[in-house]
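These notes are about the structure you will find just below.
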Amino acid sequence: MIAAAEALERLRDGNNRFVSGQTPTQTLSNNIRRILAADQAPFAIVLGCSDSRVPAELVFDQSFGDLFVIRVAGNIVAPSQVGSVEFAAARYSTKLVVVMGHQHCGAIAATLEELLDGTTQSRNLKSIVDRIRPSVATLLAGRPGLDRKTLAREAVRANVRASVDHLSHGSELLERLVHNGGLLIVGAEYSLDTGIVTFFE
């Protein structure tokens with residue numbers, strides 16, 4: 001079992017390798033794959049966006065079995081995502097949860113389009129937008145006059161913080177693991193321009 005601080009350091013180190021282009025080519029033999037087929041022990045849980053440009057395993061230079069990755073547009077927290085985090089934290093004793101948003105998020109853009117332009121989304125996309133809307137609406141109310149680019153950047157961060165808060169305070173199981181089991185839940189943002197992951201602490 002890896003402590004949260006060590007897990008976070010592993011992710012930082014992996015991201016540094018990714019950014020510097022020093023990621024080793026990891027070829028897994030059939031034997032290693034068979035071992036992993038029997039069980040897993042991920043050292044971190046990553047709730048990230050479905051965006052094709054943000055694959056967590058590559059961004060953090062990790063391999064098979066290292067990360068328990070949950071991907072959904074806008075890295076939102078709905079019951080199925082909470083349940084997935086609970087499952088991994090309880091079943092595998094994983095001590096670190098990272099909610100990772102990213103620059104130029106399409107789900108954030110769709111939310112801003114609905115709030116600012118009155119654009120109507122499909123019913124299913126609207127279910128994602130509705131999860132993001134409260135944090136973006138709060139941002140709009142608290143900082144009127146922001147230009148669209150700044151607003152989009154700040155909305156990504158506000159949405160990540162809202163998801164971290166939801167996981168930290170919206171699940172009795174996760175709350176208990178945070179208070180008594182050493183679980184750490186942190187937010188992060190991935191830059192498409194630089195490849196750097198910035199952790200919110």
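When you count, for each residue, the other Cβ atoms within 10 Å and take the mean per peptide, how do 144-154, 182-192 rank with the highest first?
Working: 144-154: 12.6, 182-192: 19.7.
Listed from highest to lowest mean packing, they are 182-192, 144-154.
Based on DSSP, what percent of beta bridges with both residues in the stretch 4-200 are antiparallel, to the nearest 5? It would help to have the intermediate numbers written out before the result.
Values: 4 of 20 bridges.
Among the beta bridges of the stretch 4-200, antiparallel pairing accounts for roughly 20 percent.
Under 5 Å between amide H atoms, partner at least 5 residues away or on a different chain: which partners does D51 have, H built in plane at 1.01 Å?
Correct list: G74.
Tally Lys and Arg at +1 and Asp and Glu at -1 over the other residues with C-beta under 12 Å from the C-beta of L67: what net charge comes out? Could you put the intermediate results ahead of the total?
Working: positive: R10, R71; negative: E57, D61, D66.
Computed value for this residue: -1.
Under a Cβ-only charge scheme (Lys and Arg +1, Asp and Glu -1), can you give me the dipole magnitude of the stretch 4-200 about the Cα centre, in debye to the nearest 20?
Details: 20 positive and 20 negative charges, 32 e Å.
Dipole about the Cα centre, nearest 20: 160 debye.
Taking K and R as +1 and D and E as -1, what net charge do the other residues with C-beta under 15 Å from the C-beta of A89 add up to?
Values: positive: R91, K95, R176; negative: E86, E172, E175.
So the environment of A89 carries a net charge of 0.
Please determine, in degrees from 0 to 90 and to the nearest 10, the orientation of helix 79-92 with respect to the longest principal axis defined by the Cα atoms of the chain, where the helix direction is its Cα long axis.
20
As I understand it, the value is the acute angle between the Cα axis of helix 148-169 and the longest principal axis of the Cα atoms of the chain; what does it come to in degrees, rounded to 10?
50
Which angle from 0 to 90°, rounded to the nearest 10, does the C-alpha axis of helix 4-20 make with the longest principal axis of the chain?
80
Order of 64-72, 40-48, 117-125, 3-11 by packing, highest average Cβ count within 10 Å first? Numbers along the way, then the final one.
Working: 64-72: 20.0, 40-48: 22.4, 117-125: 10.6, 3-11: 17.6.
Sorting 64-72, 40-48, 117-125, 3-11 by mean packing, highest first, produces 40-48, 64-72, 3-11, 117-125.
Here, each number is a calculation from the coordinates, and none is a lab measurement. As the structure is a computational prediction, the values presented were derived from the model and not from experiment. For neighbour counting, all protein chains shown are included, and Cβ atoms are generated from backbone atoms with ideal geometry for every residue, glycine included.
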